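Peer 1: Right, I'll just put the structure down here and ask away after.
The values are calculated or read from the model by the stated rules, or taken from the named source; none is laboratory data. This is a predicted model, so every value here is computed, not measured. Heads up, the Cβs are rebuilt from the backbone with ideal geometry, glycines too, and the neighbour counts pull from every protein chain shown.
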Amino acid sequence: MLLGLLGMFLLGSFLVTYCIIPKIIKVVFHKKLLDEPNIRSSHKRVTPTLGGVAFFITIILSFFFLKKWDEDIISLNLMVSLTVLFIIGLKDDLVALSATTKSIAQILAITFLVCDNNLLIESLGGFLGITELNYWFYLFFIYFSIFFIINSFNLIDGIDGLASSVGITIFTFFAVIFYFLEQNYYFFLCMVIVGTLLAFLTYNLSEKKKIFMGDTGSMIIGFLIAVLALKILSYQKEIGSIGVLPENLPIIITSIISIPILDTIRVFIIRTVNKKSFFIADRNHVHHIFIDRGFTHKKTTFFIVIINMIITLIIYLLSMRFNSFILLLFFVLLSMVFYLAIFYLLKKNESNDLKKKR
């Protein structure tokens with residue numbers, strides 16, 4: 001029964017998205033609502049950039065089929081929040097908006113979600129010795145986490161296939177956790193998003209029918225990543241069913257979302273050191289560095305997704321044996337090792353290319 005429903009939501013969302021996107025592409029070309037390449041762009045041709053419209057339609061439709069399992073009665077809040085993000089994201093894709101305007105809209109979307117205490121987190125399960133959460137700290141934590149993850153995910157949407165592939169990886173890990181927690185609503189929702197992203201990926205990697213998710217898509221997916229991550233965090237008492245110490249749950253979730261989080265922190269540090277505004281785009285992201293060294297979009301995406309999976313699996317295995325202090329240290333060291341290895345290999349590849357040219 002569960003397997004059949006899984007297939008229904010996965011295949012259903014794939015087909016709906018797959019059928020909607022060509023219609024969006026047709027309208028975008030007719031109205032000339034195309035993304036023009038610029039100095040930061042990794043593409044050379046004008047490309048439709050409203051793939052996120054298909055995300056919104058598919059996910060909103062899915063809530064009507066998911067309501068049977070919605071014990072938290074969170075669907076309505078999610079629909080309102082996603083609508084706010086859809087409107088502001090669509091506006092930004094058509095007419096670039098200021099960072100302030102987008103930030104206000106994101107905060108408003110978060111407010112609609114938390115107003116009914118749908119993401120109530122009472123404890124961090126002993127993470128770094130933290131147990132009970134003060135209500136005001138809890139509110140700050142919720143707002144900051146969702147806001148940060150929305151914008152972090154937006155920043156990795158720079159090359160073909162990367163954001164959707166990382167999203168598929170993240171929601172698949174989330175789905176596994178929700179399955180073992182017996183939270184069918186969130187499990188099926190993850191499958192809907194995976195199906196949606198898989199359908200989008202087929203177009204995003206296509207040469208003839210290429211489309212980008214745009215800010216509309218990246219904000220919707222980033223928001224859902226944040227919401228589902230925090231929802232998992234609220235199941236501190238039940239997490240023992242997958243063999244994880246409750247205090248290690250925050251680190252496991254962070255490892256699953258490690259690619260957007262680590263890249264954002266790294267870029268923030270670089271811009272701070274160079275005294276540049278964080279809101280001015282550049283080509284310092286890891287995926288841009290891969291591309292600038294001659295890697296294809298597909299190879300870059302493959303390497304980054306594999307790194308994400310390896311970090312997550314290693315942290316999960318270590319979480320069964322070590323406390324949160326030691327696990328956090330492992331996570332930091334592991335992240336540093338991977339980043340140093342990446343830059344060493346890229347530098348070596350660049351040196352080899354220079355030798356060949358000589």
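Peer 1: Would you mind stating whether residue 138 is surrounded by 22 or more Cβ atoms within 10 Å (Cβ to Cβ) and hydroxyl-bearing (Ser, Thr, Tyr)?
Peer 2: Numbers: surrounded by 22 or more Cβ atoms within 10 Å (Cβ to Cβ): no; hydroxyl-bearing (Ser, Thr, Tyr): yes.
No.
Peer 1: Considering only residues that are more than 16 Å from residue 70 (Cα to Cα) and either crowded, with 21+ Cβ neighbours inside 10 Å or at pLDDT 95 or above (or both), which ones fall in segment 177-187? Give the derivation first.
Peer 2: Narrowing segment 177-187 to residues more than 16 Å from residue 70 (Cα to Cα): 177, 180.
Listed by number, the list holds a single entry, 177.
Peer 1: Looking at residue 127, is it in contact (Cβ under 8 Å) with a residue 12 or more places away in the chain and among the aromatic types (Phe, Trp, Tyr)?
Peer 2: Working: in contact (Cβ under 8 Å) with a residue 12 or more places away in the chain: yes; among the aromatic types (Phe, Trp, Tyr): yes.
Considered against the rule, which asks whether it is in contact (Cβ under 8 Å) with a residue 12 or more places away in the chain and among the aromatic types (Phe, Trp, Tyr), residue 127 comes out as yes.
Peer 1: Can you name the number of the only condition in (1) assigned to a helix (DSSP H, G or I); (2) without any contact (Cβ under 8 Å) to a residue 24 or more places away in the chain; (3) more than 12 Å from the chain's Cα centre (by Cα) that residue 172 fails?
Peer 2: Unmet for residue 172, out of (1) assigned to a helix (DSSP H, G or I); (2) without any contact (Cβ under 8 Å) to a residue 24 or more places away in the chain; (3) more than 12 Å from the chain's Cα centre (by Cα): (3).
Peer 1: Among the residues of segment 236-280, what is the count of those that are among the aliphatic types (A, V, I, L, M), part of a helix (DSSP H, G or I), under 21 Å from residue 151 (Cβ atoms) and within 21 Å of the chain's Cα centre (by Cα)?
Peer 2: Pass one, segment 236-280, residues among the aliphatic types (A, V, I, L, M): 239, 242, 244-245, 249, 251-253, 256-257, 259, 261-262, 265, 267, 269-270, 273, 280.
Next cut, part of a helix (DSSP H, G or I) only: 239, 242, 249, 251-253, 256, 259, 261-262, 265, 267, 269-270, 273.
From the residues that got through so far, the ones that are under 21 Å from residue 151 (Cβ atoms) too are 253, 256, 259, 261-262, 265, 267, 269-270, 273.
If we keep only those that are within 21 Å of the chain's Cα centre (by Cα) too, we end up with 253, 256, 259, 261-262, 265, 267, 269.
Of the residues in that region, 8 qualify.
Peer 1: Among what's in segment 235-256 and is within 14 Å of residue 127 (Cα to Cα) and touching a Ser or Thr at 6+ places or on another chain (Cβ under 6 Å), pick the residue that is surrounded by the most Cβ atoms within 10 Å (Cβ to Cβ). Before you say what the answer is, go through the steps one by one.
Peer 2: Of all residues in segment 235-256, those within 14 Å of residue 127 (Cα to Cα) come to 235-237, 239, 244-254.
Checking which are touching a Ser or Thr at 6+ places or on another chain (Cβ under 6 Å) leaves us with 236, 244, 247-248, 252.
Numbers: 236: 20, 244: 18, 247: 23, 248: 27, 252: 23.
Checking each candidate, the answer is 248.
Peer 1: Looking only at residues in segment 141-157 that are of a type in the set (Ser, Thr, Tyr) and surrounded by 18 or more Cβ atoms within 10 Å (Cβ to Cβ), which one is farthest from the chain's Cα centre (by Cα)? Full working, then the answer.
Peer 2: From segment 141-157, those of a type in the set (Ser, Thr, Tyr) are 143, 145, 152; that's our starting set.
The next check asks that each one be surrounded by 18 or more Cβ atoms within 10 Å (Cβ to Cβ); those that pass are 145, 152.
Values: 145: 12, 152: 8 Å.
Only one residue fits best here, namely 145.
Peer 1: Which pairs do you get when a residue that is modelled with pLDDT of 85 or more, found in segment 234-257, comes within reach of a residue that is of a type in the set (D, E, K, R) and crowded, with 23+ Cβ neighbours inside 10 Å, reach meaning Cβ atoms under 9 angstrom, with the pair 6+ apart or on two chains?
Peer 2: Once the first residue is modelled with pLDDT of 85 or more and sits in segment 234-257, no partner that is of a type in the set (D, E, K, R) and crowded, with 23+ Cβ neighbours inside 10 Å comes close enough.
Peer 1: Mind checking which residues of segment 109-135 are under 23 Å from residue 328 (Cα atoms), small (Gly, Ala, Ser) and crowded, with 19+ Cβ neighbours inside 10 Å? Can you show your working first?
Peer 2: The initial filter retains those residues of segment 109-135 that are under 23 Å from residue 328 (Cα atoms), namely 121-134.
Adding the requirement that they be small (Gly, Ala, Ser) leaves 123, 125-126, 129.
125 - this is the single residue of segment 109-135 that is under 23 Å from residue 328 (Cα atoms), small (Gly, Ala, Ser) and crowded, with 19+ Cβ neighbours inside 10 Å.
Peer 1: Here is a check on your reading of the model: is residue 310 closer than 30 Å to residue 210 by Cβ and more than 19 Å from the chain's Cα centre (by Cα)?
Peer 2: Numbers: closer than 30 Å to residue 210 by Cβ: yes; more than 19 Å from the chain's Cα centre (by Cα): no.
When the stated conditions are applied, residue 310 does not pass them.
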